[in-house]
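In what follows, a single structure is set out as C-alpha cells and then discussed.
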Amino acid sequence: MPRKPLSTLRTMIVVALAASALASCSTYKPVDESFQAALTQPYTLDSGDRIRVTVFGQADLTNSYSVDKAGLIAFPLVGSVEARGKTPQQLEGVLAQKLKGGYLRNPDVSVEIERYRPFFIMGEVSQGGQYSYVPGMTVQNAIAIAGGFSPRALQDNADITRQVNGNVMNGRVPLSDPILPGDTIYVRERLF
C-alpha cells in the first residue's frame, strides 16, 4: 500500500509536466489582419531599395539611386528627396514637382525598382543570412535559397517579422505564404 501514493504522485507530476508543455505550444497568437493585408498593398520604398529614375529628354538626370538608411535619395538639382514610405508612382510625382520648381518646364519622370531590399532568414536552415528578394517569393523559396532545412528544422511553418505601417509585427505562417522585401524569416527547431 505505501507504493500507491508514490505512483499516484509520479503520475500527477508527469501529467502536470505534459500539460505545461502543451500549454506553451499554444501561446503564439495568430497573425494580425494588417500583417496579411500588407501583401496586397502597393509596394513602398525603404532603405536598401535601388531605383532607376528616368527623366525623359534629360540624360544627365537619368540614373540609378539607392534609398539610404534615412529613407532619402540624393537627386541632382533638387538635393535629398524623401523616398521611404512612398510608392514608385508617388515618388515620380514628388520628383516631377521639385524639378518643375525652377529647373524644367514640364518634366516627365519615371521611377522603377531596379533592386528590392533584401530579406533575412535565420534559424534551422543550412545557410542563414541576407538574400536578394525576387517578386513572388514564398517562405519555401526563401528556405531553398538558404540551402534548405537543417536536420532539426520544423518543416510545417515559419515565423516572419515584418514592418507594417511603421510597426514591427510577427506572425507564424505556412511555407506557401508570400514574403516581402525586408522580411526576417525564422525557421524554428522541432521538438522531436
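Descriptive notes on the structure:
- Restricting the stretch 155-168 to residues that are of a type in the set (A, V, I, L, M, F, W, C) and modelled with pLDDT under 95 leaves a set whose member that is most open to solvent (accessible area, probe 1.4 Å) is Val168.
- Across the stretch 45-65, the number of residues qualifying as surrounded by 17 or more Cβ atoms within 10 Å (Cβ to Cβ) and closer than 21 Å to Tyr133 by Cα comes to 7.
- Output for the stretch 31-87, where each listed residue is farther than 20 Å from Met137 by Cα, among the basic types (Lys, Arg) and assigned to a strand (DSSP E or B): Arg52
- Residue that is surrounded by the most Cβ atoms within 10 Å (Cβ to Cβ), among those in the stretch 129-151 that are of a type in the set (Gly, Ala, Ser) and under 14 Å from the mean Cα position of the chain (by Cα): Ala142
- Taking the listed residues Gly71, Gly101, Gly147, the one that is at pLDDT 95 or above and farther than 14 Å from Arg50 by Cβ is Gly147, with no other qualifying.
- Hits in the stretch 74-93 - residues which are more than 14 Å from Thr44 (Cα to Cα) and either in contact with a helix residue (DSSP H, G or I) (Cβ under 9 Å, 6 or more places away or on another chain) or surrounded by 18 or more Cβ atoms within 10 Å (Cβ to Cβ) (or both): Phe75, Leu77, Val78, Gly79, Val81
- Any hit, the stretch 158-166, residues being within 29 Å of Thr54 (Cβ to Cβ) and not acidic (Asp, Glu): yes
Let's see how each residue does on (1) aromatic (Phe, Trp, Tyr); (2) touching a strand residue (DSSP E or B) at 6+ places or on another chain (Cβ under 9 Å); (3) modelled with pLDDT of 95 or more:
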{"site": "Ile13", "(1), (2), (3)": "no, no, no"}
{"site": "Ser26", "(1), (2), (3)": "no, no, no"}
{"site": "Ser34", "(1), (2), (3)": "no, yes, no"}
{"site": "Leu39", "(1), (2), (3)": "no, yes, no"}
{"site": "Ile51", "(1), (2), (3)": "no, yes, yes"}
{"site": "Thr62", "(1), (2), (3)": "no, yes, yes"}
{"site": "Ser66", "(1), (2), (3)": "no, yes, yes"}
{"site": "Val78", "(1), (2), (3)": "no, no, no"}
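- Residue pairs meeting the criteria (Cβ under 7 Å; at least 6 apart or on separate chains; first among the small types (Gly, Ala, Ser), in the stretch 139-153; second open to solvent by less than 10 Å² (accessible area, probe 1.4 Å) and at pLDDT 95 or above): Ala142/Phe119; Ala142/Ile121; Ala142/Ile179; Ala142/Ile185; Ala146/Ile121; Ala153/Val187
- Subset tally (residues that are surrounded by fewer than 19 Cβ atoms within 10 Å (Cβ to Cβ), within 28 Å of Tyr186 (Cβ to Cβ) and of a type in the set (Lys, Arg)) for the stretch 94-125: 1
The values are calculated or read from the model by the stated rules, or taken from the named source; none is laboratory data. On a predicted model such as this, the values are computed, not experimentally measured, just so you know. Virtual Cβ from ideal backbone geometry, glycine too; neighbours counted across all protein chains shown. All accessible areas refer to the heavy atoms of the entire protein, side chains included, with ligands and DNA or RNA removed. Shrake-Rupley method; radii C 1.70, N 1.55, O 1.52, S 1.80 Å.
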